[in-house]
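Enquirer: Take a look at the following structure, please.
The values are calculated or read from the model by the stated rules, or taken from the named source; none is laboratory data. All values reported here derive from a predicted model rather than from experimental measurement. Using ideal geometry, Cβ is built from the backbone for each residue, glycine included, and neighbour counts are taken over all protein chains shown. Side chains are part of the model used for accessible areas, which takes the heavy atoms of the whole protein and leaves out ligands, DNA and RNA. Shrake-Rupley method; radii C 1.70, N 1.55, O 1.52, S 1.80 Å.
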Amino acid sequence: MDAPDRNAPLDDIDRIMSVMERAFQPEFGEAWNRRQVGDALVVGNCRYGLIGSDGHDTLADHEDAAGFFLSRAILDEEELLLFAIAPAHRRKGLGHLLLSRFLATSKQAGMSRVFLEMRRGNPAAFLYAAHGFQEIGVRPSYYRTPDGSRIDAISQELVF
Ligand SMILES: CC(C)(COP(=O)(O)OP(=O)(O)OC[C@H]1O[C@@H](n2cnc3c(N)ncnc32)[C@H](O)[C@@H]1OP(=O)(O)O)[C@@H](O)C(=O)NCCC(=O)NCCS
């Protein structure tokens, strides 16, 4: 087998996985594995976006991502499947910036509604509320943690 080319540009799935592995708390089982991400990205209706530590959405060849989103559109509705900023880059406004870009491109693409599901108590709720998302439903005790406790899943939507 050939040795990896250290000068090769970083692959976007590597960038996504690198953020994924750091961003999600393992006990909630929210992170996807590499295969799930790869499978989603070969499906035509899924898209992703990256953000660098300086806020840019176009990364230099060897630059890691500070955050990413991954979404799936069905007709005129888009679901935000994954959204994360790596811990070292949080509370600097990158989440606001990436979410604004996601919403702008979604609207531009003709979507009429965006929705997502999150674990109750996730501080991401403040971010989503700031961008106009509203709670539309609850799946009681949807997430199970290793200690046996249960946490509700909250569905949120934003209508353009
Ligand atoms: C949620 C997340 C994306 C926010 O990223 P971020 O870059 O820190 O976001 P910002 O700096 O733009 O802050 C956005 C707002 O979110 C809220 N917020 C983010 N983290 C918070 C925390 N730990 N406690 C309270 N509020 C928080 C604040 O309202 C903040 O706005 P403010 O700083 O103006 O008060 C990030 O914490 C993350 O990746 N979490 C783990 C993955 C995850 O749970 N994703 C959402 C799945 S539904």
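Enquirer: All but one of (1) buried (at least 17 other Cβ atoms within 10 Å of the Cβ); (2) in contact with a Ser or Thr (Cβ under 7 Å, 6 or more places away or on another chain) hold for ALA73; state the number of the condition that does not hold.
Expert: Looking at each condition in turn, ALA73 falls short on (2).
Enquirer: Out of ARG22, ARG47, ARG34, which single residue is within 16 Å of the ligand (Cβ to nearest atom) and open to solvent by 40 Å² or more (accessible area, probe 1.4 Å)?
Expert: Every option except ARG22 fails the conditions.
Enquirer: Here's a follow-up. Of the residues that sit in region 124-147 and are in contact (Cβ under 8 Å) with a residue 24 or more places away in the chain and among the small types (Gly, Ala, Ser), which one is most open to solvent (accessible area, probe 1.4 Å)?
Expert: This residue is ALA130.
Enquirer: For SER53, only one of the following conditions fails: (1) surrounded by fewer than 14 Cβ atoms within 10 Å (Cβ to Cβ); (2) touching a helix residue (DSSP H, G or I) at 6+ places or on another chain (Cβ under 6 Å); (3) of a type in the set (Ser, Thr, Tyr). What is its number?
Expert: Condition not satisfied by SER53: (1).
Enquirer: Considering region 124-146 alone, what residues qualify as being in a helix (DSSP H, G or I) and either modelled with pLDDT under 95 or charged (D, E, K, R) (or both)? Before the answer, list the steps.
Expert: Of all residues in region 124-146, those in a helix (DSSP H, G or I) come to 124-130.
Listed by number, the list is empty, since nothing qualifies.
Enquirer: Restricted to region 3-51, and to residues that are closer than 25 Å to LEU97 by Cβ and in contact with a Ser or Thr (Cβ under 8 Å, 6 or more places away or on another chain), which residue is modelled with the lowest pLDDT? Explain how you work it out, then say what you get.
Expert: Here is the first cut: in region 3-51, the ones closer than 25 Å to LEU97 by Cβ are 9-25, 28, 30-32, 37, 40-41, 45-51.
Subsequent filtering for residues that are in contact with a Ser or Thr (Cβ under 8 Å, 6 or more places away or on another chain) retains 28, 46-49.
Working: PHE28: 83, CYS46: 95, ARG47: 95, TYR48: 96, GLY49: 96.
Ranking the candidates gives PHE28 first.
Enquirer: In region 121-145, which residues are more than 10 Å from the ligand (Cβ to nearest atom) and within 16 Å of the chain's Cα centre (by Cα)?
Expert: Within region 121-145, just PHE133 meets the criteria.
Enquirer: Quickly run through region 76-120 and pick out the residues that are more than 14 Å from the ligand (Cβ to nearest atom), of a type outside the set (Ser, Thr, Tyr) and open to solvent by less than 10 Å² (accessible area, probe 1.4 Å). So that I can check it myself, show each step before the final result.
Expert: At the first step, the residues of region 76-120 found to be more than 14 Å from the ligand (Cβ to nearest atom) are 76-78, 104-113.
If we keep only those that are of a type outside the set (Ser, Thr, Tyr) too, we end up with 76-78, 104, 107-111, 113.
Within region 76-120, GLU78 is the sole residue that qualifies.
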